[in-house]
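Structure in structure tokens, see below.
The values are calculated or read from the model by the stated rules, or taken from the named source; none is laboratory data. Given the structure is predicted, the values throughout are model-derived calculations rather than measurements. Neighbour counts run over all protein chains shown; Cβ positions are idealised from the backbone, glycine included. Keep in mind that these areas ignore ligands, DNA and RNA; they rest on the heavy atoms of the full protein, side chains included. Shrake-Rupley method; radii C 1.70, N 1.55, O 1.52, S 1.80 Å.
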Amino acid sequence: MTSAKATEQIQQRTPGATAKPVVRIIDLHKSFGKLEVLKGVNIEVDRGEVVVVLGPSGSGKSTMLRCINLLEKPTSGQIWFEDTCLTAPKVDVNKVREHIGMVFQQFNLFPHLSAKKNVMLAQTQVLKRSKADAERIAVEQLTRVGLAERVDYKPSQLSGGQQQRVAIARALAMDPHVMLFDEATSALDPELVRDVLDVMKDLARQGTTMIVVTHEMGFARDVADRVIFMEGGVVVEEGTPEAVFDHPQHQRTKEFLGHIS
Amino acid sequence: MRLFSKPLFKFFLFALVLATLSALLSPPQADALTVSSTTAQPNSTSSNSSAVIGGTPTRITWEGTVDKGEQVKSLDLVFPAGCSLADGADVKVTVLHGLDRMAYLEQDQLDAQHVSVDFAKAVPSGMLIRVEVHEISLPNVAGDYQLETNYTDANGKSAALGPTQNITVQTVSWSDQLSDWLSQQGWVQAWNSVLFLNIFFNPVQIVASLPQLFFGWLRSLGIVLIGFPIIAIPIGLLVSFLRMSKLKVLRFISSIYVNLIRGTPLFLQIYIFFFGLPYLGINIPNYVLSFLVMGLNSSAYLAEIFRGGIESINKGQFEAAASLGMSRMQTMFRVIIPQTVRRVIPTATSEFILLYKDTSLLAAVGVMEQMMFAKNIVASTGNMTPYIVSALYYLVVTLPLTRFSRNMEKRLADGEGGNEAKEKKHRLRALFTRKQEVAA
């Protein structure tokens, strides 16, 4: 499923990279008490691929995403990140999370730190980069998301869209191997959504491996290499955007897309 | 060359021998007078009642006895330099034979340098002469002072006696001077004639106790200023972590600690520590024990305040930090606690105020803190005013802190969900930028 374009870029970035999937989810189950949210999910994401996960609320797509960096502990099943099995006992969770960037619906910026410090914190704490390096990279990433002039602002002084872009910069500064977007634009005012989507599109174009949970159909159609439709805790349908949007195979997918558009 | 004739030389020799003999046989000072005492009346109105204060009118009493076979015709007492006479300064001379007062006419002259007494008839031996100088002020410099005594005997022979015994003078503090002055003012006397005002708001006592209570105030403040940041905050933080620990044992132990301390009176804890530890042979200096006990007590309350603060932080903050690969410790110290600090400042300040007021309980075990200072003054004066002054000292700390705590609370409430904390200098700018965004 890997697009030729993306593969090419990845191979430029990491010479000798194999076509091995970055993330592999095998028969993932997750229950909250008696409520079974994920009922055997199987997903593979290759390097450089942009996968958009669609589905009605309560379908388990956010939970699936949060399982990938173990913010939720899977009940059963396996999750592989590159060569590491995350569901194995004694796995160093923090080490794995370094390489998995995540962007939340509610931004979750650190309110007591400026935009720049938000981006610097984990670099210095986790990657042990020098302050100067971290600062340089922070400014670089903030510039990349269009916030060069806002580096010293506190989150409370930024709009929602700006905050979300800081959050993206914060994740990118860690040089993640994959970026997870958990409804990154759902909490934004409509007029602020575009800025964030533009940044995400840029990332996709630059070959970033991305798993995006969203309700933005336009984004899915334009940017996704593959679209996954989830409902009721399972993957109902997956395929290229054209296949899923224009020729959905399942009744539920049709209904969902009909409701949305 | 002969300067001296032989008889003259013989006379000199004789005189020399005589002088040597008389020097050997008789006491070296063949004075007609023995000074038995020189004293000044204690004149401090405040608590130190036995002190002689300089610069304040007092009464100097000089007493001397006329020696055997001698008579004293006149006396001249020289005051130490720097003395001064107040209004109504006067001399009173009494001559006593045993307990009987004898009538001897005398004339006296008094000025700031000396007093001279001239008896109409020489005072015979065995008599005690007492000279009292009223309303004279000794120099307002602390130290020992003496009077010098000169006299003339019946034959008109003058002699000087060496310095008399010391009069120890203490300097007058401004408050003593002021309270002395106040106590002589008409309006103060009128004010004090009202019993209630006299007992609780006596101006003289206010002025006199202010500086003394200041030291008590410093000590009370010192106990909390050491106990709170050095003991209460670190232990409180630690206990709050234990309270949120994944390990049940730690949660259990820490909850016992918190509940024991919060569930029993501080007064009781003070008694247990101050009276219990010495029985175990553990002797800790009072002040050290003070801030230990106060700090430990406060740590339990702070632990709950901190825990509440940490638990009030949005779960998303933990998740964001975790998603970046930050360890639990890094998350705590870099992300959660800095945000918690701002949130707990109002409640922690209230806790500080409570603790500060509760230092007064330490008076019960004899720690010299503010309450104890006030108690001591009240005990020696029988006037309640020092307690009121003490109240003022407490308020000087508690009122501004209460205000600070309230303002912080308001500021946090104004911020969005308490998430936002701005430095003062950024406040206006933050408000401004927010407005712009709303308009945009």
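Which residue, of B:160, B:190, B:142, is outside the structural domain of residue B:261 (by TED's automatic domain parsing), out of contact with any helix residue (DSSP H, G or I) (no Cβ under 9 Å at 6 or more places or on another chain) and under 30 Å from residue B:388 (Cα atoms)?
Going through B:160, B:190, B:142 in turn, the sole match is B:190.
In the stretch A:203-226, how many are touching a Ser or Thr at 6+ places or on another chain (Cβ under 9 Å) and either in a helix (DSSP H, G or I) or closer than 19 Å to residue A:58 by Cβ (or both)?
7
How many residues does the stretch A:63-109 contain that are more than 8 Å from every other protein chain (Cβ to nearest Cβ), over 30 Å from residue A:156 (Cα atoms) and not aliphatic (A, V, I, L, M)?
16
Considering only residues that are within 11 Å of chain B (Cβ to nearest Cβ), open to solvent by less than 10 Å² (accessible area, probe 1.4 Å) and either within 13 Å of the chain's Cα centre (by Cα) or not hydrophobic (A, V, I, L, M, F, W, C) (or both), which ones fall in the stretch A:158-168?
A:161, A:167, listed by residue number.
Additional query: Residue check, residue B:339 against (1) within 14 Å of chain A (Cβ to nearest Cβ); (2) over 30 Å from residue A:117 (Cα atoms), all met but one. Which one?
That leaves (2) as the condition not met.
Quick one: how many residues across the stretch B:184-242 are among the polar types (S, T, N, Q), open to solvent by less than 60 Å² (accessible area, probe 1.4 Å) and assigned to a helix (DSSP H, G or I)?
6
Among the listed residues B:262, B:251, which satisfies the condition of being more than 14 Å from every other protein chain (Cβ to nearest Cβ), in a helix (DSSP H, G or I) and touching a residue at least 40 places away in the same chain (Cβ under 8 Å)?
None of the others qualify; the one that does is B:262.
Okay, residues lined up against (1) within 10 Å of chain A (Cβ to nearest Cβ); (2) in contact with a Gly (Cβ under 9 Å, 6 or more places away or on another chain); (3) open to solvent by 10 Å² or more (accessible area, probe 1.4 Å):
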position: B:318; (1), (2), (3): yes, no, yes
position: B:330; (1), (2), (3): yes, no, yes
position: B:333; (1), (2), (3): yes, no, yes
position: B:352; (1), (2), (3): no, no, yes
position: B:356; (1), (2), (3): no, no, no
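When the residues of the stretch A:142-154 are narrowed to those that are touching a residue at least 12 places away in the same chain (Cβ under 8 Å) and open to solvent by 10 Å² or more (accessible area, probe 1.4 Å), which ends up farthest from the other protein chains (Cβ to nearest Cβ)? Explain how you work it out, then say what you get.
As a first pass, look at the stretch A:142-154 and keep what is touching a residue at least 12 places away in the same chain (Cβ under 8 Å): A:142, A:144-147, A:150-154.
Within this subset, residues satisfying the condition of being open to solvent by 10 Å² or more (accessible area, probe 1.4 Å) are A:144, A:146, A:150-154.
On the way: A:144: 18, A:146: 16, A:150: 10, A:151: 14, A:152: 10, A:153: 8, A:154: 7 Å.
Only one residue fits best here, namely A:144.
Which of the residues spanning the stretch A:98-120 are assigned to a helix (DSSP H, G or I) and in contact (Cβ under 8 Å) with a residue 24 or more places away in the chain?
A:98, A:115, A:116, A:118, A:119, A:120
On to the next question. Is it true that some residue in the stretch B:372-379 is within 14 Å of chain A (Cβ to nearest Cβ), hydrophobic (A, V, I, L, M, F, W, C) and open to solvent by 50 Å² or more (accessible area, probe 1.4 Å)? Let's see the steps before the verdict.
Restricting attention to the stretch B:372-379, the residues satisfying the condition of being within 14 Å of chain A (Cβ to nearest Cβ) are none.
Within the stretch B:372-379, none of the residues are within 14 Å of chain A (Cβ to nearest Cβ), hydrophobic (A, V, I, L, M, F, W, C) and open to solvent by 50 Å² or more (accessible area, probe 1.4 Å).
Within the stretch B:303-316, take every residue that is touching a residue at least 12 places away in the same chain (Cβ under 8 Å), open to solvent by less than 50 Å² (accessible area, probe 1.4 Å) and closer than 30 Å to residue A:127 by Cβ and give me the one that is nearest to the other protein chains (Cβ to nearest Cβ).
Start the filter on the stretch B:303-316 by keeping residues that are touching a residue at least 12 places away in the same chain (Cβ under 8 Å), which leaves B:303-314.
From the residues that got through so far, the ones that are open to solvent by less than 50 Å² (accessible area, probe 1.4 Å) too are B:303-306, B:308-310, B:313.
Right, trim to closer than 30 Å to residue A:127 by Cβ and you get B:306, B:309-310, B:313.
Details: B:306: 16, B:309: 13, B:310: 14, B:313: 10 Å.
Per the stated criteria, the residue is B:313.
Conditions (1) closer than 24 Å to residue B:171 by Cβ; (2) among the acidic types (Asp, Glu); (3) surrounded by 17 or more Cβ atoms within 10 Å (Cβ to Cβ), marked per residue:
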position	(1), (2), (3)
B:82	yes, no, no
B:99	no, no, no
B:103	no, no, no
B:127	no, no, yes
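Take residue A:125 and decide whether it is surrounded by fewer than 22 Cβ atoms within 10 Å (Cβ to Cβ) and within 14 Å of chain B (Cβ to nearest Cβ).
For residue A:125, the condition - surrounded by fewer than 22 Cβ atoms within 10 Å (Cβ to Cβ) and within 14 Å of chain B (Cβ to nearest Cβ) - is met.
How about the stretch B:350-367: which of its residues are free of Cβ contacts under 8 Å to residues at least 60 places away in the same chain and over 15 Å from residue B:304 (Cβ atoms)?
Scanning the stretch B:350-367 gives B:353, B:357, B:363.
Here's another thing I want to ask about it. Is one or more of the residues making up the stretch A:218-231 buried (at least 23 other Cβ atoms within 10 Å of the Cβ), over 13 Å from the mean Cα position of the chain (by Cα) and without any contact (Cβ under 8 Å) to a residue 40 or more places away in the chain?
Scanning the stretch A:218-231, I find no residue that is buried (at least 23 other Cβ atoms within 10 Å of the Cβ), over 13 Å from the mean Cα position of the chain (by Cα) and without any contact (Cβ under 8 Å) to a residue 40 or more places away in the chain, so the answer is no.
Just to verify a result, which residue in the stretch B:270-296, among those that are touching a residue at least 24 places away in the same chain (Cβ under 8 Å) and open to solvent by 10 Å² or more (accessible area, probe 1.4 Å), is farthest from the other protein chains (Cβ to nearest Cβ)?
If we take residues in the stretch B:270-296 being touching a residue at least 24 places away in the same chain (Cβ under 8 Å) and open to solvent by 10 Å² or more (accessible area, probe 1.4 Å), then B:275 is farthest from the other protein chains (Cβ to nearest Cβ).
Could you list, in sequence order, all residues of the stretch A:169-205 that are of a type in the set (D, E, K, R), within 12 Å of chain B (Cβ to nearest Cβ) and crowded, with 18+ Cβ neighbours inside 10 Å?
Start the filter on the stretch A:169-205 by keeping residues that are of a type in the set (D, E, K, R), which leaves A:170, A:175, A:182-183, A:189, A:191, A:194-195, A:198, A:201-202, A:205.
Still in the list and also within 12 Å of chain B (Cβ to nearest Cβ): A:170, A:175, A:182, A:189, A:191.
Those that are of a type in the set (D, E, K, R), within 12 Å of chain B (Cβ to nearest Cβ) and crowded, with 18+ Cβ neighbours inside 10 Å: A:170, A:182.
Going by the conditions given, is residue B:297 part of a helix (DSSP H, G or I), in the same structural domain as residue B:329 (by TED's automatic domain parsing) and not aliphatic (A, V, I, L, M)?
Criteria met by residue B:297.
Still on this structure, please answer the following. Which one of these is of a type outside the set (Ser, Thr, Tyr), over 20 Å from the mean Cα position of the chain (by Cα) and either open to solvent by less than 30 Å² (accessible area, probe 1.4 Å) or within 14 Å of chain A (Cβ to nearest Cβ) (or both): B:346, B:400?
Only one candidate qualifies: B:346.
If you scan the stretch B:338-347, which residues turn out to be touching a residue at least 60 places away in the same chain (Cβ under 8 Å) and among the aliphatic types (A, V, I, L, M)?
B:345
Moving on to the next point. Of the numbered conditions (1) touching a residue at least 12 places away in the same chain (Cβ under 8 Å); (2) within 14 Å of chain A (Cβ to nearest Cβ); (3) touching a Lys or Arg at 6+ places or on another chain (Cβ under 6 Å), residue B:300 fails exactly one; give the number of that condition.
That leaves (2) as the condition not met.
Going through the stretch B:98-137 one residue at a time, which ones are assigned to a loop (DSSP other than H, G, I, E, B) and either among the basic types (Lys, Arg) or under 41 Å from the mean Cα position of the chain (by Cα) (or both)?
B:111, B:112, B:113
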